[in-house]
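Student: Mind having a look at this structure? Questions to follow.
Derivation of every value follows stated rules applied to the coordinates shown; laboratory data play no part. Owing to the predicted nature of the structure, the values given are computational and were not obtained by experimental measurement. Using ideal geometry, Cβ is built from the backbone for each residue, glycine included, and neighbour counts are taken over all protein chains shown.
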Amino acid sequence: MEANKFPGPLTVEDVRKDIPLTSKYIYADNGATTPVPIPVVDAIKGYFVDYCSNVERGAYAIAARASEEWDQAREDVAHLLMKCKTDEMIFTRNLTECSGIVAHSLQEPILDMDANGNFGAGDPLVDWKPGDRILISDMEHHSNIMPWIRLAHRVSAKVEAVESSEIGLLTPEAFAEKMDKNVRFAAFQHVSNALGTIHPVKDIIKVMKEVNPDLLVYVDGSQGPGHMPVDVRDINADFYGFSGHKGCLGPQGSGGLFIKEEVMSKTDPLLLGGGTMMDVTYSNYKLRTDSISKRFAAGTPSIAIDIGLGRAAVYSAKQIGLERIEEREKMLSNLLVEQLDGVEGLEVYGPRADEHRGGVVTFNVEGWNSMDVALLLEEEHNILTRSGTHCCIPLMRKMGVHDKYGGNVRASFHFFNTEEEVKTIADALKEMV
Ligand SMILES: Cc1ncc(COP(=O)(O)O)c(C=O)c1O
């Protein structure tokens, strides 16, 4: 039965049929968001049509079903996309919300009632002291820079950006060089949305924690889960956030945050209210203990969207296969790099064709604003790409493309893209120069 319910392994053609947009466009903007496959749309529609009701509240049958499906979705996302325990995973709206939840937790100690009935603040996750430092990298998305600048101001710490290598790779050596015991928190990306590099995050975290075992690390996995297998426990991140609407083909407005079990029980939830507590009086409350992660699900969740994300996790991890997605995206991006490399009038950024590159290729056409290139690619060839700064203004400035080109143009692939599409993109660019 299971095999029929979720058929696989799906071919490229199967997935293209499930994503009707692929018959109208060369959709190469998966770094911004991915089109949602029909089975995911059906799961969302199924909730609204068949069992639309609130979760964890009603006693009637369809309310029980909604709760079951929502719990199952969380389990699927946790197990399939991050390889963590279900109770280590919180649904969020996107990666940006993950950063906000983590930032709050680093600023405020948990407030709760202890076993003796005393209500008050627990130990802070980080006991900030003057001179404390926060490390990020010079490649981060604004959603993984701005929250830390604000946090640093509030706790009187200092944010420093570790330099990436010439090809846009973050290295353990560069982080090790900046490390000392005053570094209390670090936040960096897993995969670059601007250059396509896949960073050795496990090795980076290892060298950093050798210097400060108490260091807390947040990985921005916005471009990670769904595009490739990810094991957050093996990476040894304390927090790992991702956007559900990118790699794993989930709906917009979905995402997930892993918080290591031992850290989560000491983490203050950003929002409080219905669903987060065991008991409340007019002067205190006791947070849930049956499911620590549900302390973070305040109010009515985005039930349909979360269920859609769960279905997308099954679709990408079980029906396509994360290794197959990773392999194919690398093949397609390497193919484009090969075709564009050395073409006069074109600048191609990031690593050359090698194992450090995921499904992203960025480039510029000399003398053209990146926006105009993207407009022309659509107008003349039905090719959808992203142009501009990719929400990485500091990196674009460092690369010298911010003022010169207004950023760069990005083609970002998924399993459903084809070799022919890559060739069409390459030919269009050659024609342009
Ligand atoms: C590396 C990276 N971090 C953060 C984000 C923000 O993700 P979201 O828009 O889902 O919050 C993105 C989105 O493009 C990204 O690529």
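Student: Taking the Cα atoms of the stretch 9-86, report the difference between the largest and smallest coordinate on each principal axis, in whole Å and largest first.
Tutor: The Cα atoms of the stretch 9-86 stretch 47, 31, 26 Å along the principal axes, largest first.
Student: Now a separate question. Quick check: the angle from helix 419-432's long axis to the longest principal axis of the chain, C-alpha only, nearest 10 degrees?
Tutor: Its long axis makes an angle of about 60 degrees.
Student: Further question: For the cross-link pairs LYS17/LYS318; LYS246/LYS330; LYS330/LYS404; LYS85/LYS260; LYS206/LYS260; LYS17/LYS430, which exceed 20 Å when the distance is taken from alpha carbon to alpha carbon? Can you show the working numbers first?
Tutor: Numbers: LYS17/LYS318 18 Å; LYS246/LYS330 16 Å; LYS330/LYS404 29 Å; LYS85/LYS260 9 Å; LYS206/LYS260 16 Å; LYS17/LYS430 30 Å.
Beyond 20 Å: LYS330/LYS404; LYS17/LYS430.
Student: Taking the inverse of the average 1/r across all pairs of different Cα atoms in the stretch 124-268, what Kirkwood radius in Å do you get? Please list the in-between numbers first.
Tutor: Values: mean 1/r = 0.0647 Å⁻¹.
Averaging 1/r across every pair of different Cα atoms and inverting gives 15.5 Å.
Student: Follow-up question, since we're still on this one. When you take every Cα atom in the chain, what is the radius of gyration, and what is Dmax, the widest Cα pair distance, in Å?
Tutor: Final numbers for Rg and Dmax: 22.2, 74 Å.
Student: Using the charge dipole of the chain (Lys, Arg: +1 at Cβ; Asp, Glu: -1 at Cβ; taken about the Cα centre), state which of VAL36, SER291, LEU216 has its Cα farthest towards the positive end.
Tutor: Of the candidates, SER291 comes out farthest on the positive side.
Student: Okay, next question. Across the stretch 325-334, in residue order, what do the Karplus-derived ³J(HN,Hα) couplings come to in whole Hz, using 6.51 cos²θ - 1.76 cosθ + 1.60 with θ = phi - 60° and x for Gly and Pro?
Tutor: 5, 4, 4, 5, 4, 5, 4, 5, 5, 5
Student: With θ set to phi - 60°, apply the Karplus curve 6.51 cos²θ - 1.76 cosθ + 1.60 along the stretch 392-405 and write out the HN-Hα couplings as whole Hz, x wherever there is a Gly or Pro.
Tutor: 9, 4, x, 5, 4, 5, 4, 6, x, 10, 5, 7, 5, 10
Student: Let me ask something else. Before anything else, pin down the relative contact order of the chain: Cα pairs under 8 Å, at least 6 apart, normalised by residue count, whole percent.
Tutor: 22 percent
Student: Could you give me the ³J(HN,Hα) list for the stretch 191-201, computed from phi with Karplus coefficients 6.51, -1.76, 1.60 and θ = phi - 60°, whole Hz, x at Gly and Pro?
Tutor: Those phi angles translate into 10, 7, 7, 9, 10, x, 6, 9, 8, x, 4 Hz.
Student: Binning at 10 Å from 0, report for the stretch 345-433 what percent of all alpha-carbon pair distances ends up in each bin.
Tutor: Bins of 10 Å from zero give 17, 52, 30, 2 percent of pairs.
Student: Measuring from a point 7 Å past the Cα of LYS202 along Cα-to-C-beta, which residues in the stretch 259-295 have an amide N at less than 13 Å?
Tutor: none
Student: What Kirkwood radius, in Å to one decimal, follows from the Cα pairs of the stretch 64-310?
Tutor: Values: mean 1/r = 0.0544 Å⁻¹.
This gives a value of 18.4 Å.
Student: Taking amide H atoms as placed 1.01 Å from N in the peptide plane, list the residues 5 or more away in sequence, or in a different chain, whose amide H sits under 5 Å from that of ASP268.
Tutor: Close amide H contacts, sequence-distant or interchain: ILE110.
Student: What length, rounded to one decimal in nm, is gained on full extension from ARG57 through to GLN72, with 0.36 nm per residue of separation minus their alpha-carbon distance?
Tutor: Extra length from ARG57 to GLN72 when fully extended: 3.7 nm.
Student: If each of PHE119 and ASP214 carries a label point 7 Å out from its Cα toward its Cβ, how far apart are those two points in nm?
Tutor: Here the answer is 3.0 nm between the modelled labels.
Student: Compute the convex hull volume of the Cα atoms of the stretch 247-369, divide it by the residue count, and report the result per residue in Å³ as a whole number.
Tutor: Working: hull volume 22.3 nm³, N = 123.
Per-residue hull volume (Cα only) is 181 Å³.
Student: With angles folded into 0 to 90 degrees, how steeply does helix 146-155 sit against the dominant principal axis of the chain? Use alpha carbons for both and round to 10.
Tutor: 40 degrees
Student: Still on this structure: Rank these for me by crowding, ILE305, ILE38, going from fewest to most other beta carbons within 10 Å.
Tutor: ILE38, ILE305
Student: Next up: In degrees from 0 to 90, rounded to the nearest 10, what is the angle of the helix 303-313 Cα long axis to the longest principal axis of the chain?
Tutor: That works out to roughly 50 degrees.
Student: Given a Förster distance of 22 Å, report the FRET efficiency between GLU323 and LYS430 from their Cβ-Cβ distance, rounded to the nearest 0.05.
Tutor: Numbers: r = 32 Å, r/R0 = 1.47.
It comes out at approximately 0.10.
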